[in-house]
Amino acid sequence: MVRVRLGRSGLEVSPICHGTWQLSPKFWGEQPREVMIAAARRAFEVGVNFFDTADAYGNGLAEQVLGEALKPLPRDQIVVATKVYHHFYPDGSRHPDLSGKYVEQECEASLRRLQMDYIDLYQCHSFDPLADIEETTAALERLKQAGKIRAYGASNFTVEQLRAARRFGDYATLQPRYNLLQSQAEADLLPYCRGEDIGVLVYSPLYHGLLTGKYAGTETFEDLRKSNADFQGERFRELAGRVRALGPIAQKYALSIVQLVLVVTLMNPMIHSAIVGIKNPEQISDAAGAMGKIISRQDYFQVRVALGSA
């Protein structure tokens, strides 16, 4: 089993984290519940012990499905992360809310949906400009003292937002967007986290599938990618071609392109774990094959150059 310490949180996690954003019908369409459950259980079988979700994914649906999937597994051998930020309502409307009262209320709701007694990592999904970060942090501290959560962190915070939050409490982790086509976090967020021993779990390492090598660049989409310029026209064809051109390097190490991209991502010493969005058991089996692998420094930079991120 490959495990890493998730920074100052002390949590021991797999370098690949099983993500559940795909259980947001608004963004990804309907996903077969039984397939998603099978995928989460397959993750554990192939050495993945880290699972990330959020209350906002499907307005609670992702937590419910993940809770059902993980219920048969030994609780002390898995690490579950979820998030709070959106105050959502039965009619589908929502708004940001990191008020102390809502954070505590929603943690209880997440525990019920997950069918768990505690959450390993509870994260602020984004920065709420209306919330007093001191009040938010006090609520997180109360949850921690009560044993409802083991550690807390943030997602989508800027360096200054994270720095301000950490004046009031121990935000032990950060979940930023990062992939080899969108590596801006290397400029400030990642170095700051490394210096403060903050655990980093990056999301979108395969950039909505673009970095898997499975696209020719001529496909069309009905999900959130239909309005993304990187998945349209000449830009899409160019990027898809660059990714497919990584094939010889992947073959050199007996890796799939997915595994190669994840290996290069995880070789960054400022990144502890990469959250991979999973729709079926085959995808998590492929991704898990990247754990514990490395390539040469020369090939690492060759991949970065090929993708235009070095």
Can you tally the net charge around residue 83? Count Lys and Arg as +1, Asp and Glu as -1, for every other residue whose Cβ sits under 9 Å from the Cβ of residue 83.
-2
Filter on 226/279; 144/226; 252/279; 26/144 - keep pairs with C-alpha separation over 30 Å
144/226; 26/144
Built amide H within the under 5 Å cut-off of residue 149, gap 5+:
119, 144
Between residue 251 and residue 159, what is the label-point separation in nm under the 7 Å Cα-to-beta-carbon projection?
4.2 nm
Where a Cα-Cα gap under 18 Å defines reach, which lysines qualify for residue 71, not counting those fewer than 8 residues away within the same chain?
148
Separation between Cα centres of the range 5-56 and the range 132-208, rounded to whole Å:
18 Å
Give me the one-decimal nm value for the distance between modelled label points at residue 224 and residue 177, 7 Å along each residue's Cα-to-Cβ direction.
0.8 nm
Give me the dipole magnitude in Debye, nearest 20, for the range 22-151 about the Cα centre, with unit charges on the beta carbon: positive for Lys and Arg, negative for Asp and Glu.
380 debye
By the C-alpha gyration tensor axes a ≥ b ≥ c (rounded if a/c is under 1.5, else prolate when a/b exceeds b/c, else oblate), the shape of the range 229-310 is oblate
Work out the charge dipole of the chain with +1 on the Cβ of Lys and Arg and -1 on the Cβ of Asp and Glu about the Cα centre, then indicate which of 27, 110, 140 is farthest towards its positive end.
27
Sorted on mean Cβ neighbours within 10 Å (highest first), peptides 72-79, 210-217, 273-280, 290-297 come out as 273-280, 210-217, 290-297, 72-79
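Laboratory data are not the source of any read-out in this text; all were calculated from the coordinates shown. Only a predicted model underlies this, so the values are computations on that prediction, with no experimental measurement involved. When we count neighbours, we look across all protein chains shown, and the Cβ atoms used for this are built from the backbone with ideal geometry, even at glycine.
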